[in-house]
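Here is the structure we will look at, set down as structure tokens.
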Amino acid sequence: MTAITSCDGPWTDWTEAERLEALRDTKILDTGQDPAYDDLIRIASIVCAAPIVLVSLVDETRQWFKARIGFEATETPRSMSICAHAIENGPLLVIPDLTTDPRTADNPLVIGEHRLRFYAGAVIRAKAGQPLGSLCVLDRVARPDGLTQVQTETLDALARQVATLIELKQSREAVANREADLAASERRFRVMTGAMPQMVWTTRPDGFHDFYNDRWYEFTGVPYGSTDGEGWNGMFHPDDQERAWTRWRHSLATGDPYEVEYRLRHHTGVYRWTLGRAMPLRDAEGRIERWFGTCTDIEDLKRAEGEARKLAAIVEHSKDFIGIADEDGRILHINAAGRRLVGLPDAETARRTTVPDYFMPECRSTVIETVLPTVQRDGWWEGELTFRHFGTGEGIAVLYSVFPVHDDRGGLLGYATVTRDLRERKRAEEARDLLIKELSHRIKNIFAVVEGIAALSARTDPAARPFVAAFRERLGALANAHEYVRPHSPASAPKVQGQTLFGLMRLIMAAYVQDGRERIVLHGDDIVVGDRSATAFALIMHEQATNAMKYGGLSTEAGTVRLTGRRDGETYELVWAESGGPPVSGPPTRRGFGTVLAERSVAGQLDGTLEHDWSGTGLVMRLAVPAANLTA
């Protein structure tokens, strides 16, 4: 046979950095003994009749032996490596006599105790072609004839087998890593889906449902696995099943995302609105591998949307001006009635306005300096202001109520108003005031006519003059009392600044003084009264005195009334006690209009209580009012 005694030439289609990276990627360095490699070097030893056989992998600074026969060391410095020459010179390097080759003549393995003389190495290559090392045979006797053809082919084949073993190890590790990644991914997927508040499901590419998370079973109450495949559709409301199936079949056929709302049966048996969604998961080529879907309970959202629609309908159909602005005063929405009130053509035009735009110039400073600071401080403001009509510029009297709007976390969203058009009310008040003034004028005329008739009698009958004088004085007192008890507008109400309750009572009750004797006697604690409470008290006491004159303690010559005031902490009590009048058999069978009006004044204007005690000796009335309300 022909002997092979030389290499096949240089093989340098790689860089050292690429070669070292390929070697490190194998993760074979410093691994344990492997029988598969040991079998290969035994075959090489037998075929090549070599006492020393190595699987040598050339690292950056060393050569490491994955398998070895006849050599004790597990590695040597790269400077001593003959295989380092093999990886640079082709698929096979044969050196018949190491002592004569300039590359190895002074190698410590040649001149030292090992006394190596012959070397033949077949290069072990990575899958991409980079040399990793060699499968080499060595002898302590030179072989001028090198290797035979069979030995060469065998050594080369065995080197390829070593490379295959390395690739197989890499493949197995890659598979193991991928399986581990898949297992970890599966665990993460289950943890993630278990933590999600939604119901989660997955299907195969054909739509077969093969996974549901715990939320699905908790919601539906069905046994695990019972809705796999196509069993899920039976959980839907009968009226929604065909629609959901149609949408799902469309998504499976086209790959379009799946989204549909349906009613899903809860474990309580109640159907709840649910939003179903699914997206396809595709591979690198765009093929659908799986479908990932969720079911979200939107029952509460549906109800909230329904309530919101109702509220929106109420707002839009309300006759009042209803609007909302952001915290900077920019208008977000004005309802239709509001736009009509101020002459805005549409919602878009309204959104280009700000809050001050809606007020007459004389009111804007009030809004900015008083209204908004009060809302920010107290959370509410209400009062009469004047809107501006955007078309005509005319003023519109309104009752303006404004309050802040907050989100669920308490953050300020803006300000809302429910404002009422006061023009009709103002016109009605003006008509009422005109009527009141007319009635008052006529009553005053009646007083004047009566007083004139009395004066005429006095002039024609000197004996009647003392009676007429007393009569005219009493008539004047009644006229003064009338000014307090008649209905008033804010402009016509009598001013009582600094007036006390007892002073007011003396003024109202002056008509009931007889021959210099006060028949209504005041006792106890006095208190300051304001304009509003003065009118209410005057009405109540005038009605009480009138009834006493007709039916009670003042209807007899000797009858009297004791009016006692008492301050008890935050409450003021006034007691009207009649005596000397006709016997009282019990409460009256009906209440007159004046009595009803008086009771309403106590409750509505004074926020107080009114009690009647119909005792046999005379009526006792107790009026209790918060003291703070008397100064209003």
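The values are calculated or read from the model by the stated rules, or taken from the named source; none is laboratory data. Keep in mind that this is a model prediction, so the values were computed, not measured. Every residue, glycine as well, gets a Cβ built from its backbone with ideal geometry; the counts of neighbours run over all protein chains shown. In case anyone asks, the SASA skips ligands and DNA or RNA and just uses the protein heavy atoms, side chains included. Shrake-Rupley method; radii C 1.70, N 1.55, O 1.52, S 1.80 Å.
Using per-residue counts of other Cβ atoms within 10 Å, averaged over each peptide, order 204-213, 120-129, 55-64, 405-414 from highest down.
Values: 204-213: 15.8, 120-129: 21.8, 55-64: 20.1, 405-414: 10.2.
In descending order of packing, they fall as 120-129, 55-64, 204-213, 405-414.
What does the highest-first list of 369-376, 310-317 look like by mean Cβ count within 10 Å? Before the final figure, lay out each step's value.
Values: 369-376: 14.4, 310-317: 12.0.
Ranking the peptides 369-376, 310-317 by packing returns 369-376, 310-317.
Rolling a 1.4 Å sphere over the protein heavy atoms, what is the accessible area per residue of the chain, to the nearest Å²?
Working: 33950 Å² over 632 residues.
The answer is 54 Å² per residue.
With angles folded into 0 to 90 degrees, how steeply does helix 299-317 sit against the dominant principal axis of the chain? Use alpha carbons for both and round to 10.
40
Between the stretch 23-60 and the stretch 125-179, what's the alpha-carbon centroid distance in Å?
8
Pairing the Cα long axis of helix 593-604 with the longest principal axis of the chain, what angle in degrees results, from 0 to 90 and rounded to the nearest 10?
40
Given a 1.4 angstrom probe, I'd like the percentage of the accessible area of the chain that is carbon and sulfur, rounded to a whole number.
Details: 18390 of 33950 Å².
About 54 percent, which is the carbon plus sulfur part of the accessible surface.
For a protection proxy built on the mean count of beta-carbon atoms within 10 angstrom, sort 220-231, 151-162 highest first, please.
Numbers: 220-231: 13.5, 151-162: 19.9.
Descending mean neighbour count gives 151-162, 220-231.
Per DSSP H run of at least 4 residues, take -39500 (n - 2.57); add these up for the chain, divide by its residues and hand me the 222 nm value, nearest 500 deg cm²/dmol. Don't skip to the answer; put the middle values down first.
Details: 18 runs with 250 residues, N = 632.
The helix contribution divided over the chain gives -12500 deg cm²/dmol.
Using alpha-carbon pairs under 8 Å, 6+ residues apart, how would you state the relative contact order of the chain in percent? Before the final figure, lay out the partial values.
Working: 1075 pairs, mean separation 37.4, N = 632.
The normalised contact order for the chain reaches 6 percent.
Need one number: % antiparallel among DSSP beta bridges in the chain, to the nearest 5. Provide the component values of the computation, followed by the final result.
Working: 110 of 115 bridges.
Of all bridge pairs located within the chain, approximately 95 percent are antiparallel.
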